[in-house]
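> One structure, as C-alpha cells, below. Some questions next.
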Amino acid sequence: MTNERKAELDALCLQFRNDLIDLLHKIQTGHPGGSLSSCEIITTLYHEIMNIDPKNPKKEDRDHFILSKGHAAPMLYLNLADCGYFPKEELATLRQINSNLQGHPCVHKTPGVELSTGPLGLGLGAGIGMALADRRKGLDSYTYVLMGDGEIEEGAVWEAAMAGSKFKTDHVIAILDNNGVQLDGTVEEIMPLGDIAAKWSSFGWNVIKCDGHNVSEFADAVEKAKACKGQPSIIIAKTVKGKGIDFMEGKNIWHGKAINDEEYKEAKAILGGAK
Ligand SMILES: Cc1ncc(C[n+]2csc(CCOP(=O)(O)OP(=O)(O)O)c2C)c(N)n1
Ligand SMILES: [Mg+2]
C-alpha cells in the first residue's frame, strides 16, 4: 500500500472514530470499546480489499464480511454508509425501534449485512458454509469473519475450526480482534486462551499475525492469507480495546457503557474533532 493510500485510510478511520463517539453519545447506549478496536480492520476490508458493489449488494461473485462480534455493529454501519449501501442520514436512527440499524447486525434490515449476529460464536461456522456454497458455484469469492478474543472461548468456534480444516476452505479468512479484553474482565482473567496461534495452528489453520491498527500491515496480512492454498487462514490482529481514546483503552468497563457529556467532550478533544 502506498503511503498516500495509508494516509487516506488513516484519515477515514479518524473520521469513523469521531462519528462513532457522536452517535453513541447521542443515543446513550452501544459498545464503544469493541467498535474502536476493530476500526482499521473493518475499514481496510470495505475500502481496500473486498470485491463488493454497494449498488448491487447481492451480486453473486461478491466477497462476504461477517461481523461475528456483532456488538461492533456501529463501526460496520459507518463503513456501509460510507460505501453507499444506504444514506448516511440513516445513521442517526442507530439502535432506535423500527430502525434499519439495530444494536446488532440484522440481515433482513440492513443492506450489505451478510449474517445476523449478536450471539457470539456463530459467525465462523456460517462463513465456512458460505465459502463452501461459493466453491460449489465455482466462484472465487472470499469470506471474511471477524471474531473477538472473548468470543473464541465459545465451543462452536472450535467445531467450525475443525470443519474449515477438514474442508480446506482456503477462501475463508478469519480475523481475530485480539484486544485481550472482553465484557467484564480480561481474557486472561475470565478464561485464559494460552498460545492462541498454536491453538489455531494445531486445528490446521494457517496463522498470520499483524498489528490490527496498521492498515497497510493488515492489508499485507490478507494478501498472505490469500496466497495460502488448501488451508483456511486466520489473521491474529493485535489490537487495543477502545483504541484512540486513551481513557477507554484496555478497559473492560468501556465494552458497553453510555458516554456522558463530560466524557464526550474529552473524547472529542482527544480525537481532535471537538464540537
Ligand atoms: C453467546 C454469547 N454469550 C455472551 C454474550 C454477551 N457478550 C456480548 S459481547 C461479550 C464480550 C465479547 O468479548 P470479545 O469477543 O473479546 O469482544 P471485543 O473485545 O472485541 O469487543 C459478551 C460476553 C453474547 N453476546 N453471546
Ligand atoms: Mg476482546
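The values are calculated or read from the model by the stated rules, or taken from the named source; none is laboratory data. Everything quoted here is computed from the prediction, not taken from an experiment. Methodologically, a virtual Cβ is constructed for each residue, glycine included, from the backbone with ideal geometry; neighbour enumeration extends over all protein chains shown. Note: areas computed on protein heavy atoms with side chains; ligands, DNA, RNA excluded. Shrake-Rupley method; radii C 1.70, N 1.55, O 1.52, S 1.80 Å.
> Which of the residue pairs Lys58/Lys268; Lys58/Lys257; Lys88/Lys268 have a Cα-Cα distance greater than 31 Å in the structure shown?
Numbers: Lys58/Lys268 36 Å; Lys58/Lys257 35 Å; Lys88/Lys268 20 Å.
Going by Cα-Cα distance, Lys58/Lys268; Lys58/Lys257 fall outside the 31 Å limit.
> Another question, if that's okay. I'd like to check one number: the per residue accessible area of the chain, probe 1.4 Å, reported in Å² as a whole number. Write down the numbers at each step before the final one.
Working: 11620 Å² over 275 residues.
Heavy-atom accessible area per residue stands at 42 Å².
> Another one. For Lys199, give me every one of the lysines with a C-alpha distance below 25 angstrom, ignoring sequence neighbours fewer than eight places off in its own chain.
In chain and number order, the partners are Lys69, Lys166, Lys168, Lys209, Lys224, Lys226, Lys229, Lys238, Lys241.
> With a Förster radius of 30 Å, plug the Cβ-Cβ distance of Met162 and Asp220 into 1/(1 + (r/R0)^6) and report the FRET value to the nearest 0.05. Show your work: numbers first, answer last.
Details: r = 28 Å, r/R0 = 0.93.
Efficiency computed from Cβ-Cβ geometry: 0.60.
> Another one. Would you mind checking the range 195-211 for residues with the amide N under 16 Å from a putative spin-label position 7 Å along Cα→C-beta of Lys238?
Taking a point 7 Å out along Cα→Cβ of Lys238, the residues of the range 195-211 whose backbone N falls under 16 Å are 195-198, 208-211.
> For the range 164-238, what's the relative contact order in percent, using C-alpha pairs closer than 8 Å and at least 6 residues apart? Show your work: numbers first, answer last.
Numbers: 111 pairs, mean separation 37.1, N = 75.
Over the range 164-238, the number comes to 49 percent.
> Same structure, new question: Taking R0 as 45 Å, what's the FRET efficiency between Gln28 and Ile190 from their Cβ-Cβ distance, rounded to 0.05? Mind dumping the intermediate values first?
Numbers: r = 27 Å, r/R0 = 0.60.
Given R0 = 45 Å and the Cβ-Cβ separation, E is 0.95.
> Relative contact order for the range 3-271: what is it in percent, counting Cα pairs under 8 Å that are at least 6 residues apart? Mind showing how you got there, number by number?
Values: 531 pairs, mean separation 63.4, N = 269.
Over the range 3-271, the number comes to 24 percent.
> Also, I was wondering about something else. Of the options Trp158, Leu146, Gly129, report the single residue whose Cα projects farthest towards the positive end of the charge dipole of the range 109-190 (beta-carbon charges: Lys, Arg +1; Asp, Glu -1).
About the Cα centre, the residue reaching furthest to the positive side is Gly129.
> For a quick protection proxy, order the peptides 197-209, 37-49, 161-173 by their average other-Cβ count within 10 Å, most packed first. It would help to have the intermediate numbers written out before the result.
On the way: 197-209: 16.8, 37-49: 23.8, 161-173: 20.3.
Packing proxy ranking, top to bottom: 37-49, 161-173, 197-209.
> Oh, and also: At what distance in nm do the modelled label points of Leu183 and Cys228 sit from each other, each positioned 7 Å from its Cα along Cα→Cβ?
For the pair Leu183/Cys228, the computed spacing is 3.0 nm.
> What does the C-alpha gyration tensor say about the overall shape of the range 201-242? Classify as rounded when a/c is under 1.5, otherwise prolate if a/b is larger than b/c, or oblate. Could you put the intermediate results ahead of the total?
Working: a/c = 3.94, a/b = 1.57, b/c = 2.52.
Oblate is the answer for the range 201-242, as a/c is 1.5 or above yet b/c matches or exceeds a/b.
> Among Ala73, Asn56, Trp254, flag the residue with its Cα farthest along the positive direction of the charge dipole of the chain, charges on Cβ as +1 for Lys/Arg and -1 for Asp/Glu.
Final value for the positive-end residue is Asn56.
> Tell me, in nm to one decimal, what length is gained between Ala198 and Asn260 on full extension, where the rule is 0.36 nm per residue of separation less the Cα-Cα distance? Please report the intermediate quantities before stating the final value.
Values: separation 62, 0.36 × 62 = 22.32 nm, distance 4.12 nm.
Result for the pair: 18.2 nm of gain on full extension.
> So, one more: May I ask for log10 I(q)/I(0) of the range 102-151 at q = 0.33 Å⁻¹, from a Debye sum over the Cα atoms as equal point scatterers with solvent left out?
The calculated log intensity ratios at q = 0.33 Å⁻¹ are -1.23.
> On the first, second and third principal axes, largest extent first, how far apart are the outermost C-alpha atoms of the chain in Å?
52, 44, 41
> Rounded to whole Å and sorted largest first, list the principal axis extents of the Cα atoms in the range 22-106.
Result, largest extent first: 38, 26, 19 Å.
> If R₀ is 25 angstrom, what is the calculated FRET efficiency for the pair Ala269 and Asp10, using the beta carbon separation as r and rounding to 0.05? Let's see the in-between values first.
On the way: r = 19 Å, r/R0 = 0.76.
Here the calculated transfer efficiency is 0.85.
> Which whole-angstrom value gives the distance between the alpha carbon centres of the range 191-228 and the range 110-184?
14 Å
> Turning to a different aspect of this structure: State to the nearest 20 debye the size of the charge dipole of the chain about its Cα centre, where the only charges are +1 on K and R beta carbons and -1 on D and E beta carbons. Display every interim value, and only then the final one.
Details: 30 positive and 38 negative charges, 135 e Å.
Its charge dipole is roughly 640 debye.
> Using a cut-off of 13 Å between beta-carbons, work out the net charge of the residues near Asp63 (Lys and Arg +1, Asp and Glu -1, Asp63 not included).
Details: positive: Lys58, Lys59, Arg62, Lys226; negative: Glu48, Asp53, Glu60, Asp61, Glu114, Asp134, Asp140.
Residues close to Asp63 contribute a combined charge of -3.
> Carbon and sulfur: what percent of the range 1-130's accessible surface (1.4 Å probe)?
Details: 2600 of 5030 Å².
Ligands and nucleic acids excluded, carbon and sulfur give 52 percent.
> So if I take the centroid of the Cα atoms in the range 1-69 and the same for the range 239-263, what is the distance between those two points in Å?
If we compute the Cα centre of each part, the gap is 18 Å.
> Right, here's the next one. What size of dipole, in debye to the nearest 20, comes out for the range 1-84 about its Cα centre when the only charges are +1 on Lys and Arg C-beta atoms and -1 on Asp and Glu C-beta atoms?
Numbers: 9 positive and 12 negative charges, 53 e Å.
Charge dipole of the range 1-84: 260 debye, to the nearest 20.
> At 0.36 nm per residue, and after removing the present C-alpha to C-alpha distance, how many nm does the segment from Asp246 to Ser99 gain when stretched out fully? Kindly include the intermediate steps, with their values, before the conclusion.
Numbers: separation 147, 0.36 × 147 = 52.92 nm, distance 3.13 nm.
Gain on extension, Asp246 to Ser99, equals 49.8 nm.
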